[in-house]
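Asker: Before I ask anything, let me first share the structure, which is written out below as structure tokens.
The numbers here are math on the coordinates, done by the rules we state, and not lab data. On a predicted model such as this, the values are computed, not experimentally measured, just so you know. Neighbour counts run over all protein chains shown; Cβ positions are idealised from the backbone, glycine included.
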Amino acid sequence: MALLLRRTDESDLPIEVIGVRPDRLRGMPPAEIGRFPIRHGNRTVPLAEVFQIKGDPSDERIDFEGNLRNVHRIGAQMSAGRIVVDGCTGWHLAAQMSGGTIEVSGDAGDWVGAEMTNGHVSICGSVGDLVGASYPGSRRGMTNGTILVGGSAGAEIGRSMRRGTIAIGGACGDHAGLGMIAGTILVFGSCGRYPGAEMRRGTIGLFGGGPVPLLPTFRRAGRFRPQFLALIERELRRTGFAGVDWPSGKLDLYHGDLLSLGKGEIWTREGGGLA
Amino acid sequence: MDPSRTVDDRRIWPDSVCTACGCLCDDIVVKVKGDRILEAQGACSIGEGHFLGNRRGDGPEAWIHGEPANFDEAVERAAILLAGASCPLVIGLQECTTEGHRAAVELAESIGGGLEVPGVSATILSLQSVGEVTCTLGEIQNRADFVLIWRADPVRTHPRLFSRHVLEPRSDFLPGGRNDRFLAVVDIRETTTLKEADLAIPMDEGAEVEALWLLRALVKGIAIEAEQIAGVALKDWQALVERFRAARYGAILYDGRSNGLSVRGIHSLVRELNERTRFVVMPLHSGGNGVGARNVLTWRTGLPGAVRFVEGQGPLSSDAGLPSATAADAVLVVSGNPMVMDNEPTTEVRRKIPRVLLTGNQEPHPQAAEVVIRTAAFGIETSGTVYRMDGVPLPLRAVVASRFPTVEAVLRSIEHRVRERRA
Ligand code: SF4
């Protein structure tokens, strides 16, 4: 049976559910779960003050329901198990997680999967800025795992990411893959300005069609049908990333950012050209 | 020590600091009669307006819900509001001495709130990733034989910058003053500064980042296949890069309000130029003491732009923390224009939030906030420490007395009441 946490009030104050994760609560008696400390504004309160609690997390699953827009850090640092969110969540969903799965039926805020080291996150709606990114002052963003977003994403997705996959079904904001070290970012909608700025290695697929706003430090490298595409398509379809239009023909390839090693690849639909 | 002297019925203050722009000129001679400033010798027209425009504030010392109130009532009301909030936020802090900033940090800590200096986080975020090669204005004054102004118009916004620091001064290294220095200006408009340049590059609007990336590539010797970038021919950009190379000591100055990738690009360019020759970078900040706020926050909490205090925890970063501004349930605006917040996207959310405003404005709007408390005017009626845009602290002296307390005193009174209520 899963542990069900239902939020009943409508206050806008930020709530941070640090530590409310299957690997941490498993085996805890119900009373202790009710007393588990979470942050509400500038106070620490017991979990039961904010959420109605039902069931138990013995099967390593936690379900969140109710008004969760201002509930932050759901699944942060989680290492195993499953979290299912019915609705929209706040910031830092799945941040620094190292294993397990998180599914969200609505939207999520900024910093989804920031610095995650492994695991699987899928969000049906749209997300904010800095998906899979590095925190300020830190050298690396996500180092492994998968983040799938059905809707659109904000700016600086995959900033300084080291490995792993981010797939965005809709559009993305400016500076996708800023300072990326390696890994894969796929965007199926339009893309904001300067994707791949200062990227070292890694792959960015911009499949929205139309001209792409690249920096002058990217160089055209040819037109191919890359082999990795079929593999990644199969893999993402298997994990439930559906409803996007995968490019079928050849793709245009650009290399860059020449300022920082230049081994990164940006793939666009054939003949889309540069903005 | 009071350095002022009295001649006839006038009081003369030598070496006063002007806070009207980030230059913080500290050589102004202010002449005062009673509580009126008659003259600000040495100041530019902006500085003169700043000094001569000061009037003694009339009317009540505070308002609660638009009704006149006395200071103690207003402080009590502010304390109740802030101490009772679950997520209070302290914001503003531009027009405030370092002593006031310190009091603001302490108040934020005692109410368990957030503290934000608006408009600095973009710069800080990129500084944290690429760093900053910088210096004092004195060093530029003595050594810089090449100056690039990147998208800024200091001739208009910082009128004495060129004459005091950047272009005209003569030194042992640059005995010819202006003649020994080369001025390059890149901008999107025909600015006054652009007209003074030895090399002027007017580029397309919105293409700054492309231009910076191109310059970085040219500096690194990477070949670029384009005839023009940002509306400027490649050979013109190359001419600028030649000037970079010829410099013995270069300085790049840019608008302190620039954001995101541009700041990162400028700072990276400077870092890369240092592989060949000495180059420094400096943002041109506007007036007030925003630089001081950043310094105080850093030395008190380790976090320069935004911080939040939570019960039982140390200060937490809110640059990457939470959307604190949208979530606040009480806001204290410290010595700023109450409209500060209206420029930001979270206005709708914030408007409904109860506010306390501390203001040195001579005619504040009684209904600008639930509680409005008047303070001595910053820069003219307050003594304390202020930071110049290059991070050099300067002593500020009140040249006229005020009827109203300083920001620091008000903040300390509020904090005192908060603590009494808790006890
Ligand atoms: S340059 Fe700036 S600091 Fe100097 S007098 Fe003018 S306004 Fe004041």
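Asker: When DSSP assigns beta bridges and you keep just the ones with both residues in the protein assembly as shown, what percent turn out antiparallel, to the nearest 5?
Answerer: Values: 53 of 132 bridges.
Beta bridges within the protein assembly as shown, antiparallel portion: roughly 40 percent.
Asker: Here is a follow-up. For peptide A:90-103, what's the mean number of Cβ atoms from other chains within 10 Å of each residue's Cβ?
Answerer: Details: counts 3, 4, 3, 0, 0, 1, 0, 0, 0, 0, 0, 0, 0, 0.
Per residue, the average neighbour count from other chains is 1.
Asker: Using 1/(1 + (r/R0)^6) with R0 = 45 angstrom and r between the beta carbons of A:Asn67 and A:Ala182, what's the FRET efficiency to the nearest 0.05?
Answerer: Details: r = 38 Å, r/R0 = 0.85.
Efficiency, from the Cβ-Cβ distance: 0.70.
Asker: Right, something else. Might you report the magnitude of the Cβ-based charge dipole of chain B about its Cα centre, with Lys and Arg at +1 and Asp and Glu at -1, to the nearest 20 debye?
Answerer: Working: 47 positive and 55 negative charges, 121 e Å.
It works out to roughly 580 debye.
Asker: Over the alpha-carbon set of the stretch B:6-52, work out the extent along each principal axis and list the three values in angstrom, largest first.
Answerer: Taking max minus min along each principal axis of the Cα atoms, the stretch B:6-52 gives 33, 17, 13 Å.
Asker: Pop out the ³J(HN,Hα) list for the stretch A:115-123 in order, Karplus 6.51 cos²θ - 1.76 cosθ + 1.60 with θ = phi - 60°, rounded to Hz; leave Gly and Pro as x.
Answerer: So the Karplus estimates, Gly and Pro as x, are 6, 5, 10, 5, x, 9, 10, 10, 10 Hz.
Asker: Using the Karplus equation 6.51 cos²θ - 1.76 cosθ + 1.60 (θ = phi - 60°), what ³J(HN,Hα) coupling, rounded to whole Hz, does each residue of the stretch B:155-165 give in order, writing x for Gly and Pro?
Answerer: Coupling constants for the stretch B:155-165: 4, 8, 8, 10, x, 9, 4, 5, 6, 8, 10 Hz.
Asker: Can you tell me the order of A:117-125, A:10-18, B:170-178 when each peptide is scored by its average per-residue count of other Cβ atoms within 10 angstrom, highest first?
Answerer: Working: A:117-125: 20.9, A:10-18: 19.3, B:170-178: 13.1.
Top to bottom by mean Cβ count within 10 Å: A:117-125, A:10-18, B:170-178.
Asker: What ranking, highest mean first, results for peptides B:217-228, A:151-162, A:127-138 when packing means the other Cβ atoms within 10 Å averaged over each residue?
Answerer: On the way: B:217-228: 13.4, A:151-162: 26.4, A:127-138: 23.8.
Top to bottom by mean Cβ count within 10 Å: A:151-162, A:127-138, B:217-228.
Asker: Pull out the extension gain between A:Thr239 and A:Arg201, defined as 0.36 nm times the separation in residues minus the alpha carbon to alpha carbon distance; nm, one decimal. Before the final figure, lay out each step's value.
Answerer: Details: separation 38, 0.36 × 38 = 13.68 nm, distance 2.51 nm.
Roughly 11.2 nm would be gained on extension.
Asker: Give me the extension gain from B:Asp72 to B:Ala423: residue separation times 0.36 nm, minus the current Cα-Cα distance, reported in nm with one decimal.
Answerer: On the way: separation 351, 0.36 × 351 = 126.36 nm, distance 1.88 nm.
Contour length minus the Cα-Cα distance gives 124.5 nm.
Asker: Modelling each spin label as a point 7 Å along the Cα-to-Cβ direction, I'd like the B:Arg56/B:Leu38 distance in nm, to one decimal.
Answerer: 1.6 nm
Asker: Related question: Would you mind calculating the relative contact order of chain B from Cα pairs under 8 angstrom and at least 6 residues apart, reporting the percent as a whole number?
Answerer: 24 percent
Asker: How long is the gain from B:Gln238 to B:Trp299 if the chain were fully straight, where each residue apart is worth 0.36 nm and the alpha carbon distance is subtracted?
Answerer: Net length gain for the segment: 17.8 nm.
Asker: Over all residues in A:253-264, what is the mean tally of Cβ atoms on other chains that come within 10 Å of each residue's Cβ?
Answerer: Values: counts 0, 0, 0, 1, 3, 7, 10, 2, 0, 1, 0, 0.
Partner-chain Cβ atoms within 10 Å, mean over residues of A:253-264: 2.
Asker: May I ask for the Rg/Rh ratio of chain B, computed from Cα atoms with Rh as the Kirkwood radius, given to two decimals? Display every interim value, and only then the final one.
Answerer: Values: Rg = 23.2 Å, Rh = 23.1 Å.
The Rg/Rh ratio comes out at 1.01.
Asker: Please average, across the residues of A:213-223, the number of beta carbons from any other chain that are within 10 Å of each residue's own beta carbon, and give a whole number. The partial results should precede the final answer.
Answerer: Numbers: counts 2, 1, 10, 15, 8, 1, 4, 1, 0, 0, 0.
Mean partner shielding for this stretch: 4.
Asker: Enter the angle in degrees (range 0 to 90, nearest 10) between the Cα long axis of helix A:228-238 and the first principal axis of the Cα atoms of chain A, meaning the one along which they spread out most.
Answerer: Value to nearest ten degrees: 20.
Asker: In terms of modelled amide H atoms, which long-range or inter-chain residues lie less than 5 Å from the amide H of A:Gly150?
Answerer: A:Ile123, A:Cys124, A:Gly125, A:Gly169
Asker: Using the Karplus curve 6.51 cos²θ - 1.76 cosθ + 1.60 with θ = phi - 60°, work out ³J(HN,Hα) for each residue of the stretch A:241-250 in order, rounded to whole Hz, and write x for Gly and Pro.
Answerer: After applying 6.51 cos²θ - 1.76 cosθ + 1.60, I find 7, 10, x, 10, 9, 6, x, 9, x, 7 Hz.
Asker: Around A:Ile166, which amide H atoms from residues at least 5 apart in sequence, or from another chain, sit under 5 Å from its own amide H, with H modelled in the peptide plane?
Answerer: When sequence neighbours closer than 5 places are left aside, the close amide H contacts are A:Ile147, A:Thr184, A:Ile185, A:Leu186.
Asker: Return the long-range amide H neighbours of B:Cys135 (sequence gap of 5 or more, or a different chain), with a cut-off of under 5 Å between placed amide H atoms.
Answerer: Correct list: B:Val281.
Asker: Kindly rank B:294-300, B:202-208 from highest to lowest mean number of other beta carbons found within 10 Å of each residue.
Answerer: B:294-300, B:202-208
Asker: Determine the sum of side-chain charges near B:Asn295: Lys and Arg each +1, Asp and Glu each -1, restricted to other residues whose C-beta is under 14 angstrom from that of B:Asn295. Before the final figure, lay out each step's value.
Answerer: Values: positive: B:Arg102, B:Arg294, B:Arg300, B:Arg388; negative: B:Glu99, B:Glu132, B:Asp390.
In short, +1.
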